[in-house]
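Below is one structure, written out as structure tokens; comments come after it.
Taken together, the values in this text are just the output of simple stated rules run on the coordinates, not laboratory data. Predicted model, so just to flag it, every value in this text is computed and none were measured. We place every Cβ from the backbone using ideal geometry, glycine too, and count neighbours over all the protein chains shown.
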Amino acid sequence: MSRKEGMIYCNRCGRVICAEERQDMTSFLAVRKNWGYFSNQKDGMCYSADLCENCCDALAGEFVIAPTVEENTELV
Ligand SMILES: [Zn+2]
């Protein structure tokens, strides 16, 4: 559980990312996955996690195939 008492924590490093009320103004990776019928052992389970930007970089650095990076021209 990376969200408690109104704060969002990074699942990987444990540091505070931001207050939940500021999540729309903060850059971090929020992952939510409802595992369905075609998963191996997680049918009906929902996984969610949050990662800070540093941990996203560290995790992506472990990828055998680098993530696709494109310039986003529609910054909000
Ligand atoms: Zn982190």
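Using a 10 Å cut-off around each Cβ, can you sort Y9, Y47 from fewest to most neighbouring Cβ atoms?
Working: Y9 17, Y47 10.
Lowest count first: Y47, Y9.
Among L59, L29, sorting on how many other beta-carbon atoms sit within 10 Å of each Cβ, with the fewest leading, yields L59, L29. Using the Cβ of K42 as centre and a radius below 15 Å, the other residues enclosed give a net charge of +1, where K and R count +1 and D and E count -1. For the chain, excluding the exposed loop sites themselves (GluC sites (Glu not before Pro), DSSP loop, at most 11 other Cβ atoms within 10 Å), the longest remaining stretch covers 6-61.
Net charge within 15 Å of C52 by Cβ-Cβ distance, Lys/Arg positive one each and Asp/Glu negative one each, not counting C52 itself? Its environment carries a net charge of 0.
For the stretch 3-55, what does the relative contact order come out to in percent, with C-alpha contacts under 8 Å and a separation of six or more? For the stretch 3-55, the relative contact order is 35 percent.
Calculated mean residue ellipticity, 222 nm, the chain: -3000 deg cm²/dmol, from DSSP H runs (n ≥ 4) at -39500 (n - 2.57) each, averaged per residue and rounded to 500.
Residues in the stretch 26-35 carry Karplus couplings, in order, of 10, 9, 7, 9, 10, 10, 9, 9, 8, 6 Hz; the curve used is 6.51 cos²θ - 1.76 cosθ + 1.60 with θ = phi - 60°, and Gly or Pro positions show x. Note on the chain: dipole from Cβ charges, positive end direction compared against N34, T73, I17; the farthest Cα belongs to N34. Under Stokes-Einstein, with the Kirkwood radius over Cα pairs standing in for Rh, what whole-number D in µm²/s applies to the chain at 20 °C and 1.002 mPa s? In µm²/s, the coefficient is 150.
Model label points for K33 and E20, set 7 angstrom from Cα along the Cα-to-Cβ axis, are 2.4 nm apart. When you filter the trypsin sites (Lys or Arg not before Pro) in the chain for DSSP loop state and at most 14 other Cβ atoms inside 10 Å of their Cβ, you are left with R15, K42.
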